[in-house]
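Colleague: Just dropping this structure here.
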Amino acid sequence: MELIQGKLNVGEAMAPLVIREVKKYADSANMIIIDVPPGTSCPVVEAIKESDFCLLVTEPTPFGLNDLALAVEVARELDIPCGVLINRDGVGGDKVDRYCREQGVPVLLKIPLDRRIASLYSKGIPLVEGMPRWREEFLRLFQDIKDIIAAS
């Protein structure tokens, strides 16, 4: 596994240029995972542009749903297939699930609101190490993403 990163100094407003430069070093023969902040800002659009798939992570809250709807719109505009991971499932109602069904966006994984998970996170322990049963869930998620890409 290789990590490629770009650094942007505090106050610099040219993140898309840094992202574009970093992407030049990525080996397209390998699986490339780009982690981006929430929202649909220019850096996010630049990072996901020309991707094979976009995993949208959200929470079942009104703000989460609002950001998710914007992100789905961006992914569609860029013609990138996407799916959803719902984090802290159980916090809100079912509006995110309903939105995904109505929009035809698959919910690929739900991670519940769980004090044990929050405790692991606060200690810097990856979920798959602290609760090994999640390893299979993430492997299934990865396979589901590969299947969606293959069908696109």
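Just so you know, all these numbers are worked out from the coordinates, no wet-lab data involved. Note that the structure is predicted; figures quoted are calculated from it, not measured. Cβ placement follows ideal geometry from the backbone for every residue including glycine, while neighbour counts extend to all protein chains displayed.
Colleague: Residue pairs, Cβ under 7 Å, 6 or more apart or interchain, first in the stretch 30-52 and touching a residue at least 40 places away in the same chain (Cβ under 8 Å), second loosely packed, with under 15 Cβ neighbours inside 10 Å. List them.
Modeller: Asp52/Ile149
Colleague: May I ask you to say which residue of Ile111, Ile86 is without any contact (Cβ under 8 Å) to a residue 60 or more places away in the chain, touching a Ser or Thr at 6+ places or on another chain (Cβ under 7 Å) and not in a helix (DSSP H, G or I)?
Modeller: Ile86
Colleague: So Pro112 clears everything in (1) closer than 15 Å to Ile86 by Cα; (2) more than 18 Å from the chain's Cα centre (by Cα); (3) loosely packed, with under 13 Cβ neighbours inside 10 Å; (4) not basic (Lys, Arg) except one condition, right? Which one?
Modeller: Only one criterion is unmet by Pro112, namely (2).
Colleague: Which condition breaks for Ala15 when tested against (1) surrounded by 15 or more Cβ atoms within 10 Å (Cβ to Cβ); (2) touching a residue at least 24 places away in the same chain (Cβ under 8 Å); (3) within 18 Å of the chain's Cα centre (by Cα); (4) on the phi < 0 side of the Ramachandran plot?
Modeller: (3)
Colleague: Moving on. Name the residue that is nearest to Glu77 (Cα to Cα), counting only residues in the stretch 1-53 that are touching a Gly at 6+ places or on another chain (Cβ under 8 Å) and not in a loop (DSSP other than H, G, I, E, B).
Modeller: Within the stretch 1-53, the match that is nearest to Glu77 (Cα to Cα) is Ile19.
Colleague: Report yes if some residue within the stretch 136-143 is in contact (Cβ under 8 Å) with a residue 40 or more places away in the chain and surrounded by 15 or more Cβ atoms within 10 Å (Cβ to Cβ); otherwise report no.
Modeller: The answer is yes, given that some residue of the stretch 136-143 is in contact (Cβ under 8 Å) with a residue 40 or more places away in the chain and surrounded by 15 or more Cβ atoms within 10 Å (Cβ to Cβ).
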